[in-house]
1. Would you check the accessible area of residue 288, probe 1.4 Å, heavy atoms only, in square angstrom rounded to 10?
2. Within region 54-101, which GluC sites (Glu not before Pro) sit in a loop by DSSP and count at most 14 neighbouring Cβ atoms inside 10 Å?
3. For a bin width of 10 Å, list the pair-distance distribution of the chain built from all Cα-Cα distances, rounded to whole %.
4. What nm distance separates the two modelled labels at residue 422 and residue 327, each placed 7 Å from Cα along Cα→Cβ?
5. Run the dipole for region 177-320 about the Cα centre, Lys and Arg Cβ at +1, Asp and Glu Cβ at -1, nothing else charged, and hand back the magnitude in debye, nearest 20.
6. Under the rule a/c < 1.5 gives rounded, and otherwise a/b versus b/c splits prolate from oblate, where does region 212-280 land using the Cα gyration tensor?
7. In nm, what is the difference between 0.36 nm times the number of residues separating residue 206 and residue 157 and their Cα-Cα distance?
8. For region 177-266, what does the relative contact order come out to in percent, with C-alpha contacts under 8 Å and a separation of six or more?
Amino acid sequence: MEWQNVYEKRKTNAGAAIRRIAPGGRIVLAHAAGVPIALTDELVRQKEHFKHAEIVQLVPMGNARFADADMEGHFRLNAFFLGPYTKTAVKEGRGDFTPCCFHEIPGLFGGMLPVDAALIQVSPPDRHGYVSLGISVDYTLAAVKKAKYVIAQVNGSMPRTHGDTQLHVSEIDSFVEINRPILELTPPVIGETEQAIGENCAKLIHDGDTLQLGIGAIPDAVLLFLKDKKDLGIHSEMVSDGVVELITRGVITNARKTLHPGKTVATFLMGTKRLYDYADDNPSIALMPVEYVNDPYVIGQNDHLVSINSCVQVDLTGQVASESVGLTQISGIGGQLDFVRGARLSRGGRSVIAIASTAAKGKISKIVSVLDEGAAVTTSRTDVDYIVTEYGIAHLRGKTLRDRARALIRIAHPKFRRTLAEEFERRFCCRYDV
Ligand code: COA
């Protein structure tokens, strides 16, 4: 059959498409800016059809109403990452969190996690009958391949991107044409503290390095201090607007990359329309599945790979808690460990955990003697490399516990250094010398 006939036959409305999902099945949702909002809204509208359906997702964007208290009994969230909308559901016992490195999530689909339905968002088909997953390939491609039933929100605003983002219309069961702007992430406010952290991180980045940058104000602040660097490359889980700025200034050229030279490599994009427009039909940006982009062995094929991520707490031995505040899960592992380990495998690679020295408006130190009770260690002290704050850089790899503690106290906020030094003296039975 001609692809046009397949497409026309499978075109339907959101209501009819959602009603075909098994009431108690497992539904994988596309994530981040790729969330097919019209379809998730329809799920919520049809909540009475669903009995204990499991919703699987990584970064929640949009309203995530399916995780609200009035959805109990209809939907249950199984999250790989939490955001403001979903952390309450898990805290209140109405949802679950599954710890997993991002690059290993696709391997769960069809195995440990059979997928009944995948809800995705794509561009309209091209003249050969291929739609593009656009800005979000990550685990979405794998979910499509493993799902028994696939619904695509076909959105004229979805860019067509290069890399491994194409699906033939025959691989999708229902098409729902709904045009609306792709979700945008407002660029974060970069204050003085973030700028100082960014400036310190930039000291660890050299001409020709390939970078991975996490989400938020700190990675964006790092980009501000890279304007004088030359021939930087990008191999990153996520890319945001700041990267486009450095590409257009000629700072990021990808020219010296040892894997995919000439290409900015990512698994999803999250930012503003400027970023999405830039990626549209741009052969210099390659979006590929997360099981490839985030595989530490693939990451490690980039020489001089520098990864920059953030965390909640670091203890004096270098254990990094990035996903929970004590027993309370607040986010996820994402690609942090993938890139920390990938940077380790990279010739000349470095991994950086960059944090403000304090949290809660300066009331608590992020560098602590011991982690809060129940905190999950995301990056172990064996894997950790550099910790950076606005007060400096602590290089921990190969250092003794005492030397690590000294280095970390030096970059803690001055008002907490005395207390940390006392803890040091108790713990290591020796004087703390600055
Ligand atoms: N004690 C208590 N609360 C703390 C805290 C601490 N030591 N550190 C942070 N918090 C709270 C903040 O107050 C904030 O609370 P709020 O949401 O109620 O305002 C929340 O935790 C998030 O902290 P914030 O500093 O605003 O977060 P961020 O946007 O800089 O993100 C992480 C920091 C660690 C949550 C984020 O980097 C993350 O999820 N990392 C793990 C995954 C990862 O690295 N992925 C990388 C590949 S993209």
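The values are calculated or read from the model by the stated rules, or taken from the named source; none is laboratory data. Remember, it's a predicted structure, so these values are computed and weren't measured experimentally. Cβ coordinates were reconstructed from backbone atoms using ideal geometry, including for glycine residues, and neighbour counts include every protein chain displayed. Please note that ligands, DNA and RNA were not included when accessible areas were found on the heavy atoms of the full protein model with its side chains. Shrake-Rupley method; radii C 1.70, N 1.55, O 1.52, S 1.80 Å.
1. Near enough 30 Å² of accessible area.
2. In loop regions of region 54-101 (DSSP not H, G, I, E or B), the sparsely surrounded GluC sites (Glu not before Pro) are 92.
3. Over the chain, the share of Cα pairs per 10 Å bin runs 5, 22, 30, 24, 14, 5, 1, 0 percent.
4. 2.8
5. Magnitude of the dipole: close to 320 debye.
6. Since a/c stays below 1.5, the shape of region 212-280 is classed as rounded.
7. Using 0.36 nm per residue and subtracting the Cα-Cα distance, I get 13.9 nm.
8. Once divided by the residue count of region 177-266, the mean separation gives 27 percent.
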